[in-house]
Amino acid sequence: MSAENMYDLVVIGSGPGGYPAAVRASGLGMTVACVEKSLRPGGVCLNVGCIPSKALLDSSEIFETTKNGLSVHGIQVTDVSLDLPVLIARKNQVVESLTGQVKKLLESARVSLIQGTARVLDGHHVELTDRDGGIRILEAKFILLATGSIPVAIPGMECDEDRIVSSTGALNFSEVPRTLAVIGGGYIGLELGSVWQRLGAAVTVIEMTPLIAPNLDGQISRTLKRLLDKQSMAFRLNTTVTHADVGQDGVKLFLESKGKTENMDFERVLVAVGRKPLTAGLGLESVGVSLDEKTGQVYINSNYQTSVSSIYAVGDMVAGPMLAHKASAEGIAAVSSMAGHFVEVNYDTLPSVIYTRPEVAGVGLTEEQIKARGIPYVSGAYPFSGNGRARCTGETEGLVKILVHARTDRILGIHMIGPQVSEMIAEAVLAMEMGASSEDIARTVHSHPTFSETLMEAAGAVQRQLKK
Ligand code: NAI
């Protein structure tokens, strides 16, 4: 085998699991190839996930605020109109600039970014097929699988990316749909539903459980639902879609809720009912990499090694929440472990954020999880309506809630809904990572007036509860 095909590490996938791992491995002295089937690096997150959806969320929020939120400030704007092609082109430009940056990052870290679809031949060889059908075999001491996930489909409801779309299609509608059904009231459904709602679509979210974003702390989920109700987003909870008829002008959805059936017509439908690991075509079974039969996730040990010790796996394809920052942390930990360093990912302090308006953010256990585990706890909360900065911006909806162990004051979870909580959650994560108590947060001086004082006030509320 020629030297140009021999590496210490071949990373399969250049998303947030793969590319930071490749860069770190190079920094640790390894020769690294990062292989990617798409022409652009960055994976789902950069190309069709986190980044483009946030670009659309930001643009649509500006549009909505300009239309409906300025007169209260004494600013009169007339004739606000939407140029959707420009809005979409801006989103594409944001994606292009960031994927370009990833390319440069890999280059400057001396990581070979190689285009091709990978198949694992054994613990040390990867076969790559390029766009022209050319085949190249790479040899490596280690292989890191970071191929991510794909959307789950509803049986009998094929995504044609026109009338029935996945999250990818919902980033690129050429016109604002008059009516949009969102099947699945999770992260994707609520974020992309918000985008099109703000741009003028009548959005109905169809969710099979009694709560939206059912993994959130229950109080936060209920508050989010109430606030989205106020924005005229419609919800059908406890409801499933049994089948769909696609016509020329739209889609008829057949719904079932508590034994009752009905049908509703929509111009377009977004299916956002979860994602599943992308392992198909990698040849994993034939090389002895074990998968969980039920979930399709790759089994790993605490060093991210699969059942073949030279093959590691991270991100959406292994157990845990499907979050970009979780994948990145795991990728870095995996390559560190290959190099003989021990780096632990603290799964108890992984934050999650939903970029609705207001935003939602949380870290640690929810109140429901604490109750189910029988942990004695105390809860304290503070509303944004009592926060000076929130009064100034007019974003007074929401709250911060802190849950602590009743005997030790150790923080078990922090949950927020309100303005800029996607940024505020970092303080909560750091507090938990450093083993802070609510007293530590309550005694930490926060700038005034800032949204972050709400966290300090919630900690003060916990302190008063503990002293009762
Ligand atoms: P999700 O798991 O967040 O939500 C899916 C929802 O669909 C759940 O509420 C579930 O109860 C519901 N559902 C499932 N089957 C259904 C059916 N047949 N009919 C009606 N409802 C049904 O999954 P989602 O939103 O597709 O997102 C996929 C992954 O991407 C998530 O794991 C999420 O963590 C990640 N993501 C993260 C974001 C962020 O961090 N801000 C943004 C977008 C996605």
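The values are calculated or read from the model by the stated rules, or taken from the named source; none is laboratory data. Quantities reported herein were computed from a predicted structural model and do not represent experimental measurements. So basically every Cβ, Gly included, is an ideal-geometry build from the backbone, and we count neighbours across all protein chains shown.
The requirement of being modelled with pLDDT of 95 or more, crowded, with 20+ Cβ neighbours inside 10 Å, over 22 Å from Lys326 (Cβ atoms) and within 20 Å of the chain's Cα centre (by Cα) is fulfilled nowhere in region 61-83; no residue meets it.
Thr366 passes every criterion in (1) touching a helix residue (DSSP H, G or I) at 6+ places or on another chain (Cβ under 6 Å); (2) of a type in the set (Val, Ile, Thr); (3) buried (at least 16 other Cβ atoms within 10 Å of the Cβ) apart from (1). The condition of being under 16 Å from Ala459 (Cα atoms) and either touching a residue at least 60 places away in the same chain (Cβ under 8 Å) or touching a helix residue (DSSP H, G or I) at 6+ places or on another chain (Cβ under 9 Å) (or both) holds for only one of Asp348, Asp409, that being Asp409.
Within region 322-345, restricting attention to residues that are in contact (Cβ under 8 Å) with a residue 40 or more places away in the chain, of a type outside the set (Gly, Ala, Ser) and within 15 Å of the ligand (Cβ to nearest atom), the residue that is surrounded by the fewest Cβ atoms within 10 Å (Cβ to Cβ) is His325.
Leu106 falls short of the stated requirement of being at pLDDT 95 or above, in the same structural domain as Arg24 (by TED's automatic domain parsing), in a helix (DSSP H, G or I) and touching a Ser or Thr at 6+ places or on another chain (Cβ under 6 Å). Go through Gly398, Gly394, Gly364, Gly331 for me and flag whichever is out of contact with any strand residue (DSSP E or B) (no Cβ under 9 Å at 6 or more places or on another chain) and among the small types (Gly, Ala, Ser). Residue meeting the stated conditions: Gly394. The single condition from (1) under 28 Å from Leu46 (Cα atoms); (2) within 13 Å of the ligand (Cβ to nearest atom) that Asn172 fails is (2). Quick check: anything in region 88-103 within 29 Å of Thr306 (Cα to Cα) and among the aliphatic types (A, V, I, L, M)? For region 88-103, residues within 29 Å of Thr306 (Cα to Cα) and among the aliphatic types (A, V, I, L, M): present. Taken together, the residues in region 132-163 that are touching a Leu at 6+ places or on another chain (Cβ under 8 Å), among the β-branched types (Val, Ile, Thr) and assigned to a strand (DSSP E or B) amount to 4. Of the set (1) of a type outside the set (Ser, Thr, Tyr); (2) away from the ligand (no atom under 16 Å from the Cβ); (3) surrounded by 14 or more Cβ atoms within 10 Å (Cβ to Cβ); (4) assigned to a helix (DSSP H, G or I), all apply to Lys91 but (2). If I filter region 249-272 for residues that are within 24 Å of the chain's Cα centre (by Cα) and over 16 Å from Glu207 (Cβ atoms), do I get at least one hit? Checking region 249-272: at least one residue is within 24 Å of the chain's Cα centre (by Cα) and over 16 Å from Glu207 (Cβ atoms). Could we say that Ala25 is within 21 Å of Val120 (Cβ to Cβ) and either in a helix (DSSP H, G or I) or at pLDDT below 95 (or both) here? Against the criterion (within 21 Å of Val120 (Cβ to Cβ) and either in a helix (DSSP H, G or I) or at pLDDT below 95 (or both)), Ala25 qualifies. Residues of region 134-169 that are free of Cβ contacts under 8 Å to residues at least 24 places away in the same chain and within 15 Å of the ligand (Cβ to nearest atom): Pro155, Glu158.
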